[in-house]
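The values are calculated or read from the model by the stated rules, or taken from the named source; none is laboratory data. Note that the structure is predicted; figures quoted are calculated from it, not measured. A quick note on method: Cβ atoms are made from the backbone with ideal geometry, for glycine too, and the neighbour counts reach across all protein chains shown.
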Amino acid sequence: MFRLEFRLEFRLEVWIGIACFSNVDIQSAASEYSVVGKLSKGKMNLSTLLLIILAGSAVAYFLGYTRSQQIAKPIGGVRNLAALPTYYASMMSLWALIPALIVLFLWSVLDGSIITSLVKSSLPAEAKQLSDENLGLVMSQVYNVSQGIGSLDTLGQEYGPAVSRLNSLSSISAKAMPVLTILVLILGAILGLRAVKPTNNARYAVEKVFNITLFVCSSIAIFTTFGIVFSVLFESLNFFQKVPFFDFLFGTHWSPQIAIRADQAGASGSFGVIPLIVGTLLISFIALLIAVPVGLMSAIYLSEYASARVRGIVKPALEVLAGVPTVVYGFFAALTVAPAIRRYGDQLRDWGAENDIGFLANLAVSSESALAAGLVMGVMIIPFVSSLSDDVINAVPQSLRDGSYGLGATQSETIKKVIFPAALPGVVGGVLLAASRAIGETMIVVMAAGLAANLTVNPLDAVTTVTVQIVTLLVGDQEFDSAKTLAAFALGLFLFVITLALNVIALKVVKKYREQYD
Amino acid sequence: MNQIIMNTAQQPLVDIVTETYQTSGLPLLEDPKMRVRNANVFYGAKQAIFDVNLDIGKNQVISMIGPSGCGKSTFLRCLNRMNDTIDICRVEGELLLEDQDIYDKKIDVVELRARVGMVFQKPNPFPKSIYENVAYGARIHGLTDNKVQLDELVEVSLIRCGLWNEVKDRLDEPATGLSGGQQQRLCIARAIAVNPEVILMDEPCSALDPIATATVEELIHELSENFTICIVTHSMQQAARVSQRTAYFHLGKLIEVNDTSQVFTNPEHQLTEEYITGRIG
């Protein structure tokens with residue numbers, strides 16, 4: 001179990017290392033991984049080592065605490081120390097913890113590549129002439145042999161020195177890592193203990209460390225966003241080298257099949273995004289048509305009319321709706337709502353045929369309709385609209401209500417003419433957030449809206465959305481240099497820009513609203 | 001009741017207020033606008049107003065004074081049933097507006113509040129234009145038949161509040177852009193546009209600077225020619241300046257009511273004297 005965990009961690013580190021520092025292609029990355037993974041055998045478990053480090057820093061904490069109490073005694077108590085004993089204790093445990101963690105991290109990340117480069121120097125002369133890719137293959141064979149997979153005979157006796165070098169280096173590394181880490185831990189603790197002095201204000205150091213930790217945590221989110229944006233952006237640029245930007249943006253035909261052979265029929269591939277946008281907007285529009293009135297009115301009821309008891313029941317119930325997984329909504333849409341709509345459509349058509357009503361007799365309802373997906377998505381985003389609207393309606397000051405009642409307005413007049421207009425910007429912000437959620441929603445439309453990229457605004461037809469197409473383009477075996485696959489990134493970028501714009505507008509609107517009462 | 005009195009045991013004079021008490025001065029009038037008899041107000045189990053008897057004279061300004069938490073605002077809000085919006089609040093007793101019981105089940109609260117308007121402590125213009133703020137009451141009560149009449153009503157109301165010259169060029173601008181004093185006068189214009197018989201003012205100047213306060217006080221004085229005005233105030237000077245009668249409340253009880261000059265120069269009750277000389281407050 002621990003072994004498995006260790007290998008997974010290792011794999012992750014290596015992948016991050018590759019992503020950050022090099023442009024190695026996937027093949028050599030894979031060989032790198034297998035090399036490093038095999039190295040893990042016979043080492044001290046990383047989890048155990050982490051536990052030891054944590055235990056060590058806890059011991060350091062108590063040592064620091066005791067020591068600071070000790071030095072406080074001769075100078076007349078804790079009040080004469082520059083900092084509280086807990087700060088000395090924290091400082092000491094940080095002294096122990098941080099260097100040890102840094103050593104552990106660096107060792108874990110670097111030892112694979114250091115060992116590899118050392119072993120490479122022991123390879124026979126002709127192997128050193130090989131290209132990078134082939135060298136990688138040879139190295140992975142060397143690792144295999146050192147792990148007992150395959151024999152030196154098949155690889156060639158001239159690789160003997162490399163294999164034995166690798167074996168010795170690996171075992172040294174495996175033994176040295178825990179020893180070095182624990183040594184650093186103890187050294188850090190000793191340095192920390194020396195710093196426990198009445199004149200040394202430990203608070204500054206401790207607060208600084210926490211400050212930095214908090215900063216790092218908050219920047220992780222930001223850097224992740226940048227990472228995602230740039231990865232999508234660069235892949236999209238690749239796509240736009242194959243397909244012109246304006247063909248993508250203004251094309252009215254979406255059929256992403258690329259010919260694999262030159263003589264293949266009907267697979268020229270066209271990447272017009274218009275049908276997808278229209279489908280997305282159609283479904284989102286239907287969803288908002290459901291969610292906005294229902295959500296808004298339930299919010300008004302809850303905040304203005306409902307008694308505390310009713311509110312206590314209805315509000316959590318609405319929040320349960322927000323907790324239903326979208327995939328459950330998805331099969332509800334696909335298996336219940338869509339067939340029901342089709343059945344009603346058919347009945348209506350038969351009735352129209354009997355009574356000679358032309359437009360009804362020609363009614364055709366697709367079994368995967370935009371209407372079904374939109375309806376269910378609408379139900380899904382009701383809680384968004386209602387809970388955000390509820391918040392902004394409650395934020396309208398009581399003095400405005402009093403003012404209106406004081407002039408003899410009824411409750412409904414007050415709501416219609418004072419509260420709702422005052423809350424409107426906030427409500428609009430909530431609706432825009434719900435809209436961006438509807439546009440980005442995937443699961444319901446994958447299951448209920450279909451794959452046919454029809455350019456239509458008829459809610460009874462099957463349409464497809466941007467998100468559905470991204471899923472279809474990336475599911476299954478893919479080559480990452482064809483326009484078909486890269487189109488997914490362009491669609492993703494497109495979707496990102498739309499929802500980002502909606503969110504920015506929504507936040508602006510909400511902010512403007514907030515300033516009004518402060 | 002005993003508990004409330006015990007709470008302020010450090011003020012020895014409070015003991016004078018016993019369970020049964022008689023309001024000093026002249027609480028009752030001939031032919032008043034509003035009559036209040038044996039009014040008791042409760043917030044849940046806590047009693048906030050004890051057995052108040054008071055008449056409010058026609059086209060007079062009556063001011064309610066007293067230390068914080070004495071129930072003067074609560075009493076004011078009973079007069080147009082604004083306390084209805086507070087769930088736990090319960091009003092007992094007889095409150096009459098020209099011989100009509102305002103707590104009668106048959107009374108339409110909306111109509112009552114059109115007759116008894118209210119101006120609040122903090123200016124609370126609606127986040128609409130200046131024009132729409134004044135036109136609001138007229139619109140909800142259908143007081144005008146066309147735009148010309150409505151324009152006229154808005155203009156007259158603003159003129160009466162002395163705001164017309166300041167805002168006539170920017171009637172379409174948001175009312176929240178006005179200064180505090182202008183906002184409060186706008187709220188008064190909004191209240192008188194409905195043409196109420198009584199205007200209740202709950203500390204209308206406590207959020208205003210001295211100059212704006214002076215303007216509003218002058219306005220109250222002018223309005224008293226046509227309206228009956230009840231004003232709650234923390235400032236005894238203000239009460240002395242604007243009102244003909246003054247009512248002194250203490251711990252939910254109406255201690256003394258009389259002509260303003262009488263109350264401030266020659267109070268009958270010891271508590272009133274304590275308050276106006278600054279020993280309670």
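A few remarks follow.
- Exclusive hit being touching a residue at least 24 places away in the same chain (Cβ under 8 Å), of a type in the set (S, T, Y) and buried (at least 22 other Cβ atoms within 10 Å of the Cβ), set B:T213, B:T272: B:T272
- When the range B:237-262 is limited to residues that are of a type in the set (K, R) and touching a residue at least 60 places away in the same chain (Cβ under 8 Å), the one that is surrounded by the most Cβ atoms within 10 Å (Cβ to Cβ) turns out to be B:R245.
- Conditions (1) loosely packed, with under 12 Cβ neighbours inside 10 Å; (2) under 30 Å from A:D477 (Cα atoms): number failed by A:V216: (2)
- Within the range A:447-459, the set of residues being assigned to a helix (DSSP H, G or I) and crowded, with 24+ Cβ neighbours inside 10 Å comprises A:A448 only.
- Among (1) outside any helix (DSSP H, G or I); (2) over 30 Å from A:G77 (Cβ atoms); (3) in contact with a Phe, Trp or Tyr (Cβ under 9 Å, 6 or more places away or on another chain), the one test that A:G148 misses: (3)
- Some residue of the range B:42-57 being in a loop (DSSP other than H, G, I, E, B) and within 21 Å of A:Q398 (Cβ to Cβ): yes
- Of all positions in the range A:403-414, at least one carries a residue that is in contact with a Lys or Arg (Cβ under 7 Å, 6 or more places away or on another chain) and β-branched (V, I, T).
- The helices (runs of 4 or more DSSP H) found entirely in the range A:331-427 that carry 3 or more residues being touching a helix residue (DSSP H, G or I) at 6+ places or on another chain (Cβ under 9 Å) and within 11 Å of chain B (Cβ to nearest Cβ) are A:398-406, A:411-414.
- Set A:I415, A:I419, A:I444: member being β-branched (V, I, T), crowded, with 21+ Cβ neighbours inside 10 Å, farther than 21 Å from B:L186 by Cβ and touching an Asp or Glu at 6+ places or on another chain (Cβ under 8 Å): A:I415
- Count - residues of the range B:169-184 that are in a helix (DSSP H, G or I), more than 13 Å from chain A (Cβ to nearest Cβ) and at pLDDT 90 or above: 3
- Subset of the range B:6-30 that is surrounded by fewer than 15 Cβ atoms within 10 Å (Cβ to Cβ) and within 26 Å of B:N83 (Cα to Cα) - its residue that is modelled with the highest pLDDT: B:L28
- Count of the range B:195-225 residues, restricted to those that are in contact with a strand residue (DSSP E or B) (Cβ under 7 Å, 6 or more places away or on another chain), in a loop (DSSP other than H, G, I, E, B) and on the phi < 0 side of the Ramachandran plot, is 4.
- Check on A:I382, modelled with pLDDT of 90 or more and not aromatic (F, W, Y): yes
- Flag for A:A449 being under 27 Å from the mean Cα position of the chain (by Cα), modelled with pLDDT under 85 and not basic (K, R): yes
So that you can scan it fast, the table gives a plain yes or no per residue for (1) part of a loop (DSSP other than H, G, I, E, B); (2) farther than 30 Å from A:I274 by Cα; (3) not aliphatic (A, V, I, L, M):
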position: A:K197; (1), (2), (3): yes, yes, yes
position: A:N200; (1), (2), (3): yes, yes, yes
position: A:F210; (1), (2), (3): no, yes, yes
position: A:L214; (1), (2), (3): no, yes, no
position: A:I220; (1), (2), (3): no, yes, no
position: A:I228; (1), (2), (3): no, no, no
position: A:F246; (1), (2), (3): no, no, yes
